[in-house]
Amino acid sequence: MVLCFITPQDTIRVIAESIGRGARRRLVAEVVAAWVDDIPEPELSAHYAKAVAGLDDADLHVLADWYSSLAMGPPIANTDFLLAAFPRLGSSRREALKIAAGFRGEQAFDAGVTEERALNAVLGHLSRERADRLAHSCIEIYIEDRLGGDN
């Protein structure tokens, strides 16, 4: 049987509807990471500021601890410190944004925001090449879920 979809985004949406909740969370995390990888360099700071603005104290502490792993000095778990230190992260800025966006995604799931809504917010911003690669990763998540992986 051959599966054929019009776009990689449609492939991802269909897979998301066909897998268990744990696998869907993993899929959405992959989608968010792909979105971060596609953000143009000059826009990273603005997206990071939005992601950090909504984090609770526990998430701010985890993010600050991650900063300390980069030997940036003693971290302070508050938004002002994290935003001020962001430009000094250099090549690690995308990773910081992925972490912050991941925390926001977890908060959204806990608040009852559907995965479909999260996918709709991000999938349209991916380049065709990134969406193609992401669809392949999502197929792997689907297969793992169907074979009874940890999900």
Residue within segment 63-81 that is touching a helix residue (DSSP H, G or I) at 6+ places or on another chain (Cβ under 9 Å), among the small types (Gly, Ala, Ser) and part of a helix (DSSP H, G or I) present: yes
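Residues are listed down the side, and each one gets a yes or a no for (1) of a type outside the set (A, V, I, L, M); (2) touching a residue at least 12 places away in the same chain (Cβ under 8 Å):
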| site | (1), (2) |
| --- | --- |
| ASP57 | yes, yes |
| LEU63 | no, yes |
| LEU70 | no, yes |
| ASP80 | yes, no |
| ALA84 | no, no |
| ARG88 | yes, yes |
Residue list for segment 32-47, filter: within 8 Å of the chain's Cα centre (by Cα) and modelled with pLDDT of 90 or more: ALA33, ALA34, TRP35, VAL36
Residue, modelled with the highest pLDDT, within segment 114-147, restricted to residues that are exposed (fewer than 14 other Cβ atoms within 10 Å of the Cβ) and among the small types (Gly, Ala, Ser): SER127
Near pairs, Cβ below 6 angstrom, 6+ apart or cross-chain, from segment 121-142 (at negative phi) to any residue that is acidic (Asp, Glu) and at pLDDT below 95: LEU126/ASP38; SER127/ASP38; ARG130/ASP38; SER137/GLU30
Residue within segment 91-113 that is in a loop (DSSP other than H, G, I, E, B), among the hydroxyl-bearing types (Ser, Thr, Tyr) and at pLDDT below 90 present: no
Answer from PHE86, PHE81 - the residue that is among the hydrophobic types (A, V, I, L, M, F, W, C) and at pLDDT below 90: PHE81
Residues that are out of contact with any helix residue (DSSP H, G or I) (no Cβ under 8 Å at 6 or more places or on another chain) and farther than 11 Å from ALA16 by Cβ, drawn from segment 118-148: ALA121, GLU129, HIS136, GLU140, ILE143, ARG146, LEU147, GLY148
Condition met for GLU30 (outside any loop (DSSP other than H, G, I, E, B), exposed (fewer than 13 other Cβ atoms within 10 Å of the Cβ) and of a type outside the set (A, V, I, L, M, F, W, C)): no
Qualifying residues in segment 50-78 (those that are among the small types (Gly, Ala, Ser) and surrounded by 15 or more Cβ atoms within 10 Å (Cβ to Cβ)) - the one modelled with the highest pLDDT: ALA51
Residue list for segment 1-27, restricted to those being touching a residue at least 12 places away in the same chain (Cβ under 8 Å), of a type in the set (Val, Ile, Thr) and part of a helix (DSSP H, G or I): THR11, ILE12, ILE15
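The values are calculated or read from the model by the stated rules, or taken from the named source; none is laboratory data. It should be emphasised that the depicted structure is a prediction, and the values quoted were computed from it without experimental measurement. Every residue, glycine as well, gets a Cβ built from its backbone with ideal geometry; the counts of neighbours run over all protein chains shown.
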